[in-house]
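Structure record follows, encoded as structure tokens.
Nothing in this text is a laboratory measurement; each read-out follows from the coordinates by a stated rule. Model, not experiment: these values are computed from the prediction. No Cβ is skipped: glycine too gets one built from the backbone with ideal geometry, and neighbour counts run over all protein chains shown.
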Amino acid sequence: MKQKIHLDDWQKEVLETKGNMCICSPRQMGKSTVISQDAGEYALNNYDKSIMIIASVERQALLLFEKVLSYIYSTDKSKIKKGKDRPTKHELKLTNGSIIRCLPTGESGYGIRGFTIDRLYADEAAFIKEDVWAAVTPMLATTGGDIVLLSTPFGMENYFYRAFHSDNFTSIHVNPDKVIQGRPEPQRTNMLKFRKEEEQRMTKLQFQQEHLGLFVGGIERFISDELIDIARMGGDECPMVSLDRVNRVMLYQFDLTIPDPQPLTDTARLIIRIDKSMNHKKIYMDDGGLGVGVFDILKEDPQTKRKVIGLNNASREIERTINRGKTKIRKKTLLGEDMAINLKMLMERGKIKLIDDPRIRHSLRTMQCDYSEGKLKIYGNYNHIFEAIKRAAWCIKDKTLNIYIY
């Protein structure tokens, strides 16, 4: 029995459209829901077709793949192969010969080369690096297959932006006001309230991009690909970053641990276990909100109680010269922007080397900034690793210490 899903008008348009599509939408408007149905119906109703789902990072690709699997299972689970051909984390085979694969693109698309496909779905396409598309398009050359791009905007210098304005794509822009008004209560009221709160929190440009789905000027990448390359070594989530300082000048990242979602007690035990093997000098962490639970455990454990330091009330010293050459030192609350600028300066000067990990690259690449409304605003959609690295880089400025985890 087919799964019944209430569809907005724009979602119906997606299902009725043939050929290449570019769907530009704010967040939480139902992109993945309609694409899971589109991909599922295509696979169920066509023999021997190869469908691929890609995203810049594995987590994003898997989220859409799991929704497609769920749709097919609830629609006609008898079509899903069993036994040795049963679904895996990255592959779904059907009895009609069609197959759906799910892969992260990485930096260059090397890992997805060699496939021949009939339909490609690219989730959060605006965040996929330019080099990847050269590897993607030849996969469709012999089949004449279709590309379906879905994403929130991310500036105006990427493949997604060009595709949205190309005659080779049917472009669909999701109107959030129309979508929200069509939702039943209490969902409609909750969405309106959330949007109002977001509008007050964000800059005007940020709100236009994230919640109106508009391509806006004045927003820039905070960290360029060139800086990411400079900071490379060969070598919600709660990322843990460890840094070492060598010769009191260079910072080297030597560990990145990102555990799956877990209870706070398990997170605390993981930090203690990592510290036993690495023997950090200091452990810095946010000690507000949910972080206070982990912080309290670390303050009581004999392994970490003398090392852990809370960052919630962190401040920085500011020198100010007063009359007769005297210098006065005062404290200023440490802001996220201070730490972000410090990290960028370290990267520009070649004084920090990060692990060559696609998750780190993706997090750095998604960070944006704008100077509207008289202040600098730095933000990103995959910012948790960036946030950990920028804090670790700031904390290690104390030259009396060497190894840190954040």
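Counting charges near Lys344 (Lys, Arg +1; Asp, Glu -1) among other residues having Cβ under 13 Å from its Cβ returns a value of -1.
In whole angstrom, how long is each semi-axis of the equivalent ellipsoid of segment 156-223, when you take the square root of 5 times every eigenvalue of its Cα gyration tensor and sort them from largest down? Intermediate results must be reported in sequence, preceding the final value.
Numbers: eigenvalues 136, 69, 9 Å².
Rounded to whole Å, the semi-axes are 26, 19, 7.
For segment 1-150, the alpha carbon convex hull comes to 107 Å³ per residue, rounded to a whole number. Assuming a viscosity of 1.002 mPa s and a temperature of 20 °C, what translational diffusion coefficient in µm² per second does Stokes-Einstein assign to segment 84-172, Rh being the Kirkwood radius over Cα pairs? The calculation lands on 150 µm²/s.
Amide H to amide H, with H built 1.01 Å from N, Val308 comes under 5 Å of Ile283, counting only residues 5 or more places away or on other chains. Annotation for segment 18-56 versus segment 68-98: alpha-carbon center distance of 16 Å. Once the chain from Glu348 to Val246 is taken as fully extended at 0.36 nm per residue, the excess over their C-alpha distance is 34.9 nm.
Rounded, prolate or oblate: which fits segment 64-105, taking a ≥ b ≥ c as square roots of the Cα gyration tensor eigenvalues, rounded meaning a/c under 1.5, else prolate when a/b beats b/c? Judged from the Cα gyration tensor, segment 64-105 comes out oblate (a/c at least 1.5, b/c at or above a/b).
About its Cα centre, what dipole magnitude does the chain give when the only charges are +1 on Lys and Arg Cβ and -1 on Asp and Glu Cβ, stated in debye to the nearest 20?
Computed charge dipole of the chain: roughly 1540 debye.
Sorting the segments 112-120, 51-59 by their residues' average number of neighbouring beta-carbon atoms within 10 angstrom, most packed first, yields 51-59, 112-120.
Among Lys129, Lys344, sorting on how many other beta-carbon atoms sit within 10 Å of each Cβ, with the fewest leading, yields Lys129, Lys344.
Net charge near Lys31: determine it from the other residues with C-beta under 10 Å of the C-beta of Lys31, scoring Lys and Arg +1 and Asp and Glu -1.
Overall, the nearby charge balance is -1.
Between Thr75 and Thr143, the contour length at 0.36 nm per residue exceeds the alpha carbon distance by 21.8 nm. As a proxy for reagent exposure, ranking Val136, Val68 by other Cβ atoms within 10 Å from fewest up yields Val136, Val68. Calculated mean residue ellipticity at 222 nm for the chain: -11000 deg cm²/dmol, from DSSP H runs with n ≥ 4 weighted as -39500 (n - 2.57), summed, divided by the residue count and rounded to 500.
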